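Undergrad: Here you go, one structure.
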């Protein structure tokens with residue numbers, strides 16, 4: 001099937017939503033015979049049946065369900081386009097589809113993205129979270145404009161994507177106020193045996209922290225390991241243990257999680273990247289994010 005006939009797809013999509021050719025016929029103001037004929041042509045192009053009989057009605061086949069999923073997206077975008085043209089809304093460039101690698105602290109992601117909301121024509125954010133590998137698959141088919149990541153695109157990966165380094169942040173250790181004074185004394189020796197909440201071992205930050213502990217001859221007692229940095233901080237807020245966080249968000253961490261900085265993990269930094277499908281940043285919101293991050297967001 002080299003080219004898709006969108007009229008055939010529209011008839012199929014309407015029948016799938018309405019559950020019968022008769023109701024689709026009333027909605028589209030087309031005879032049932034015409035719709036039936038167009039469905040047969042579409043099934044011929046696809047090479048498989050799209051509907052199966054179920055009682056007096058029709059039910060989608062497995063292939064029909066797959067086609068419906070794509071049709072939902074196609075006609076949803078068509079409706080959005082028509083709405084924007086009618087209402088003379090801002091151009092599509094004002095939408096910003098962002099993938100956020102799940103190991104990036106949510107507060108850091110918020111700081112990086114906030115400038116996009118302060119443009120003369122603010123971007124409308126559409127954010128999704130996931131692993132870098134999954135998000136790279138999304139950007140390769142142009143479902144994302146940019147990915148925020150704490151590591152660059154892995155070498156040798158067959159994906160057309162480019163790294164734009166936004167900046168770095170040093171890493172500090174934080175403790176609940178009730179025990180902060182105890183662990184601030186004789187830091188970093190005080191970390192030995194201290195209850196500690198850490199990122200999981202598959203993260204770049206965790207590997208760097210493990211090196212830091214070894215270099216300083218300390219072995220904290222690991223209470224929990226987390227993929228989600230926000231969940232890690234919530235456990236810290238509950239008084240369960242000490243935790244690391246980027247200095248770039250130190251003010252927010254102390255305010256939101258009732259914690260105090262007890263010391264700096266000297267030599268440990270977290271680097272943030274904007275990963276885009278093009279070498280030169282073309283989306284105005286992404287270009288602005290990149291500029292502001294270099295000027296003020298990250299330290």
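The values are calculated or read from the model by the stated rules, or taken from the named source; none is laboratory data. What you see is a predicted model, and the numbers here were worked out from it, not measured in a lab. Neighbour counts are summed over all protein chains in view; Cβ atoms, including those assigned to glycine, are modelled from backbone coordinates with ideal geometry.
Undergrad: Looking only at helices (runs of 4 or more DSSP H) that lie completely in the stretch 39-152, which have at least 3 residues being at pLDDT below 85 and either more than 18 Å from the chain's Cα centre (by Cα) or not assigned by TED's automatic domain parsing to the domain that holds residue 281 (or both)? Let's see the steps before the verdict.
TA: Details: elements: 62-87, 106-113, 132-140.
Of the helices (runs of 4 or more DSSP H) lying wholly inside the stretch 39-152, those with at least 3 residues that are at pLDDT below 85 and either more than 18 Å from the chain's Cα centre (by Cα) or not assigned by TED's automatic domain parsing to the domain that holds residue 281 (or both) span 62-87.
Undergrad: Next question. Could you tell me whether residue 159 is on the phi < 0 side of the Ramachandran plot and assigned to a helix (DSSP H, G or I)? Write out each step before concluding.
TA: Values: on the phi < 0 side of the Ramachandran plot: yes; assigned to a helix (DSSP H, G or I): no.
When the stated conditions are applied, residue 159 does not pass them.
Undergrad: On to the next question. Give the residues of the stretch 171-196 that are modelled with pLDDT under 95 and in a strand (DSSP E or B), sorted by residue number.
TA: 176
Undergrad: Can you say whether residue 27 is modelled with pLDDT under 90 and either under 14 Å from residue 57 (Cα atoms) or assigned to a helix (DSSP H, G or I) (or both), as far as the supplied structure shows?
TA: On the way: modelled with pLDDT under 90: yes; either under 14 Å from residue 57 (Cα atoms) or assigned to a helix (DSSP H, G or I) (or both): yes.
Yes: the conditions hold for residue 27.
Undergrad: Still on this structure, I have one more. I'd like to know if the stretch 236-256 contains one or more residues that are under 25 Å from residue 127 (Cα atoms), touching a strand residue (DSSP E or B) at 6+ places or on another chain (Cβ under 8 Å) and in a loop (DSSP other than H, G, I, E, B).
TA: Taking every residue of the stretch 236-256 in turn, none turns out to be under 25 Å from residue 127 (Cα atoms), touching a strand residue (DSSP E or B) at 6+ places or on another chain (Cβ under 8 Å) and in a loop (DSSP other than H, G, I, E, B).
Undergrad: Further question: Just one of the numbered conditions (1) in the same structural domain as residue 183 (by TED's automatic domain parsing); (2) outside any loop (DSSP other than H, G, I, E, B) is not true of residue 291; which one?
TA: (1)
Undergrad: Failed condition for residue 193, given (1) in the same structural domain as residue 122 (by TED's automatic domain parsing); (2) under 21 Å from residue 182 (Cα atoms), with all others met?
TA: Among (1) in the same structural domain as residue 122 (by TED's automatic domain parsing); (2) under 21 Å from residue 182 (Cα atoms), the lone unmet condition for residue 193 is (1).
Undergrad: What number of residues in the stretch 20-40 are loosely packed, with under 15 Cβ neighbours inside 10 Å and under 21 Å from residue 70 (Cβ atoms)?
TA: 2
Undergrad: Across the stretch 212-231, which residue is nearest to residue 154 (Cα to Cα) among those that are within 29 Å of the chain's Cα centre (by Cα) and modelled with pLDDT of 95 or more?
TA: 225
Undergrad: Another question, then. For the stretch 257-282, give me the residue count where each residue is in a loop (DSSP other than H, G, I, E, B) and within 27 Å of the chain's Cα centre (by Cα).
TA: 7
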